[in-house]
Amino acid sequence: MLQKKDLFCMIPKVDELLKDDKLSILFEKYPRTIIVDTVRLCIEQIRQEIMELQEGKIESYKIDEDQLIHQIIQQVENVCTMNLKRVINATGVVIHTNLGRALLSEAIKEAVWDTAANYSTLEFNTETGTRGSRYAHVEDILSKLCGSEAAMVVNNNAAAVLLVLGTIAKNKEVIVSRGQLVEIGGSFRIPEVMEQSGAKLKEVGTTNKTHVADYEKAIGEETAALLKVHTSNYKILGFTQEVALSDMVLLGEKYNIPVIEDIGSGTLIDLSKYGLTKEPTVQESIAEGADVVTFSGDKLLGGPQAGIIVGKKKYIDRMKRNPLTRALRVDKLTLAALEATLRLYLDEKDALIKIPTLHMLTISPTEIEGKAKALLKKIGKLNLDDEIKILKGVSQVGGGAMPLEELPSYMIAIKPFKKSVNQVETELRKRKIPIIARISEDQLLFDCRTIKEEEFDMIIEAFAEILRT
Ligand SMILES: *Cc1c(COP(=O)(O)O)cnc(C)c1O
């Protein structure tokens, strides 16, 4: 009769395992400590399994050494690959918040890396040989593109709103329409940011309607600003009224109160020219007279995560002097990526091609169909038994921008033959380079809008491995 203590004796020893040929190759690639720790961990798991084994199962228990070695190799490779890694976005959501929002352009790779891997002029003025400002690198180009007097950049738009309110309205009142008390994914809520900034929220109007008179009635001794928030991720339809920015500006001028606009996505190009829904552009807000405008760097702008503040010099100067700015400041990688991205905007045609977010949003359905056909052709060569075809569908802008926009697109649809849709979806998601697809009506959808052509071969390799077995 085999007993548990006999099984314990059969567990391979750490030293023996480490001498195995398959494992010794790992030492060339990975740190020794990680391999040894993993071997110990896997052995400990077997010990646990044996301890929990029921009496009747002892006799048939086997330690499969090949399986154990395979497991160790897999775990070492897992531990040694980056946790934060690229994925293939087949969801068709262009600004996918969970998948990293905007993609940076290949065109700026060198500029960004050059600053990252070398000393730089981050806070050094080469003209005078004295200390410079990190904000100076992007201020001129931002002002030029937006038509503003001044500009600065912080970590993200949430930080931008916090800084603006904290600088202009600390311990004072800010008037906001009840229809604009937004919550943006990841817990950005206007009333809460307002509270953190030290400003007091003064709500006016109702959820669906706010009039100029509502703002005017609320203005008093304590009023420090009028705030307009772009309701980027929802639309109030039907019996509604919002006060135009220009009317808020007139009111602000009458009472000498600044008007702040959180424009959210902040596009610099009027995308309605390319068939998308009209979103307010930053230039329009500045031209209409907003004193301060804030927006994200990594939504429709298509740059790195950043919060951009543009507007009148007297307000921006005060923000630069606010001690909070130091806590919210951007790093050199962000600045390099932002400056390089903004430079692409100097030529609009160039921007539409080279900035991935803009390219993916403005690419024609015919072009997407071409991509889908090319991918389908490659898949055809795999001779799979699964039902695979091209489907018409819609992609989304994402990132809380243009929530109602449905962009016509083409997708590869797969009905797996040997496995369930959920099984295939999971296997795709757990790959070294995860492929994130959508499931709809018992098929897997791969939207070709957000898949790059250079990713086709990775997808083919995944299909070959997952669908064939
Ligand atoms: C997205 C958004 C924010 C938050 O911007 P982050 O860059 O994610 O911090 C704030 N306000 C509006 C209106 C937004 O759309």
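Values quoted throughout were computed directly from the atomic coordinates according to the rules given, and no laboratory measurement underlies them. Given the structure is predicted, the values throughout are model-derived calculations rather than measurements. So basically every Cβ, Gly included, is an ideal-geometry build from the backbone, and we count neighbours across all protein chains shown.
Its Cα gyration tensor gives the stretch 174-300 an equivalent ellipsoid, and the semi-axes of that ellipsoid, as √(5λ) in whole Å with the largest first, are 23, 17, 15.
Note on the stretch 118-235: Cα convex hull, mean projected area over all directions, 10.5 nm².
Put in line by how crowded their Cβ is, counting other Cβ atoms within 10 Å and starting with the fewest, 188, 239, 446 read 239, 188, 446. Restricting the count to DSSP beta bridges whose residues both fall in the chain, what percent are antiparallel, rounded to a multiple of 5? Expressed as a percentage, antiparallel bridges in the chain total about 60. For residue 427, what charge total do you get from the other residues with a beta carbon under 11 Å from its beta carbon, if Lys and Arg give +1 and Asp and Glu give -1? With Lys, Arg at +1 and Asp, Glu at -1, the neighbours total +2.
With respect to the chain, whose longest principal axis is taken over its alpha-carbon atoms, helix 157-168 is tilted by about 30°.
Annotation: extensible slack from residue 391 through residue 313 equals 22.9 nm (criterion: 0.36 nm per residue apart, minus Cα-Cα distance). Estimated at 0.36 nm per residue, the fully extended path between residue 53 and residue 21 surpasses their Cα-Cα distance by 8.5 nm. Angle of helix 365-380 to the longest C-alpha principal axis of the chain, folded into 0 to 90 degrees and rounded to 10: 0°. The Rg/Rh ratio for the chain, using Cα coordinates for both the radius of gyration and the Kirkwood hydrodynamic radius, is 1.08. The fewest-to-most ranking of 112, 293 by surrounding Cβ atoms within 10 Å reads 112, 293. Distance distribution note for the stretch 316-469: the fraction of Cα pairs above 17 angstrom is 70%.
What does the net charge come to around residue 75 if you take all other residues with beta carbon closer than 13 Å to its beta carbon, with K and R at +1 and D and E at -1? After counting each charged neighbour, the total is -2. Gain on full extension, evaluated as 0.36 nm per residue between residue 431 and residue 62 minus their Cα-Cα distance, stands at 129.9 nm.
If R0 equals 45 Å, the separation of the Cβ atoms of residue 454 and residue 236 corresponds to a calculated FRET efficiency of about 0.60. Between the beta carbons of residue 40 and residue 419, assuming R0 = 30 Å, the FRET efficiency works out to 0.30 to the nearest 0.05. Summing Lys and Arg as +1 and Asp and Glu as -1 over all other residues whose Cβ lies under 14 Å from the Cβ of residue 232 gives a net charge of -1. The longest part of the chain holding none of the exposed loop GluC sites (Glu not before Pro), meaning those outside H, G, I, E and B in DSSP with at most 14 other Cβ atoms within 10 Å, is 223-405. Between residue 347 and residue 86, the distance separating the two model label sites (each 7 Å from Cα on the Cα→Cβ line) works out to 2.5 nm.
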